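For reference, the structure discussed in these notes is given below.
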Amino acid sequence: MSKYVERFQTPERVLHWIVTVSFFTLLLSGLGLYSRLFTGYFNLFGGGVNAILVHKTAGVIFFISSISLFLKHLKDITKFDDDDREWFKTQGGYLSKGESHFNIGKYNPGQKIFAVYIGIATMILGTTGLFIWFPLFFPRWLVQLSLMTHGLMFVGSIMFVIVHIYLATIGNPGTIDAMLYGTVRRKWAMKHHPKWYKEVSGGE
Ligand code: HEM
């Protein structure tokens, strides 16, 4: 029997990496718009005008791909069962010493909250981005409120994404394989997502 089990099919992985590349493009092209401290980042794009153009283009790509990823996950990330509640009670074991074991399905509750946050943030960032993009079409107060909300959602997203990258790489070795190759080791699956593993391996 193979040591590996399939976790994600190619279209889902491609979608995830489109989300990732567009997210970091938005981050780099948007930093100079966020604060004068970061205007040096405009040079990466050959100046402010180009950076804004890149930001708008990456924004459209991020919006479409992130909402598609959210809808693809919707069924798995919006249901919390008793095993998830057990995970919440002990904060997934992250704050206690020693190994913790939970009967977790495809995603743990932390991953579900992250995915739901990114989905909601994408909708808010996209809507406020549109108001900022066409400021003359909308009331001044709406454009100003959008500027503030856009910045706040960006700060929240980058904080979540930093934790996400840590947990998907150094924090939980073997996890990145899922997004690189589409497969994970059976041992990894049994340890991190035993309930999901039971489903995909036919109750093994
Ligand atoms: C270098 C950057 C990134 C790495 C290495 C990475 C890695 C991963 C990995 C390995 C998974 C699968 C986890 C599993 O199988 O349990 C995953 C899932 C996911 N990623 Fe990323 N990711 C990155 C950036 C992003 C960004 C920028 C976003 C969104 C803005 C994002 C959103 C998601 C979502 C929604 C999922 C599914 C739910 C979850 O596992 O939390 N990722 N990522």
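No value in this document is a laboratory result; all are computed from the given coordinates. Only a predicted model underlies this, so the values are computations on that prediction, with no experimental measurement involved. Note that we place each Cβ from the backbone using ideal geometry, even for glycine, and neighbour counts take in every protein chain shown.
The residues of the range 117-126 that are touching a helix residue (DSSP H, G or I) at 6+ places or on another chain (Cβ under 8 Å) and without any contact (Cβ under 8 Å) to a residue 40 or more places away in the chain, listed by number, are ALA121, ILE124. Within the set of pairs 6+ apart or on separate chains, which have a first residue in the range 1-22 that is within 12 Å of the ligand (Cβ to nearest atom), a second that is aromatic (Phe, Trp, Tyr), and C-beta atoms under 8 Å apart? Listed pairs, sorted by first residue: VAL5/TYR197; HIS16/PHE8; VAL19/PHE62; SER22/PHE62. Taken over the range 29-59, the criterion of being over 17 Å from the mean Cα position of the chain (by Cα) and hydrophobic (A, V, I, L, M, F, W, C) is satisfied by LEU31, LEU33, LEU37, PHE38, PHE42, LEU44, PHE45, VAL49, ALA51, ILE52, LEU53, VAL54.
Does the range 73-87 contain any residue that is aliphatic (A, V, I, L, M) and exposed (fewer than 13 other Cβ atoms within 10 Å of the Cβ)? Checked the range 73-87: no residue is aliphatic (A, V, I, L, M) and exposed (fewer than 13 other Cβ atoms within 10 Å of the Cβ).
Total residues in the range 125-147 satisfying the condition of being out of contact with any Ser or Thr (no Cβ under 9 Å at 6 or more places or on another chain) and under 22 Å from THR25 (Cα atoms): the figure is 2.
Suppose we keep only residues that are within 21 Å of HIS16 (Cβ to Cβ) and in contact with a helix residue (DSSP H, G or I) (Cβ under 8 Å, 6 or more places away or on another chain) within the range 75-87. Which one would you say is farthest from the ligand (Cβ to nearest atom)? The extreme case among them is THR78. In summary, helices (runs of 4 or more DSSP H) completely within the range 88-204 and bearing 2 or more residues that are away from the ligand (no atom under 13 Å from the Cβ) and loosely packed, with under 13 Cβ neighbours inside 10 Å occur at 140-168.
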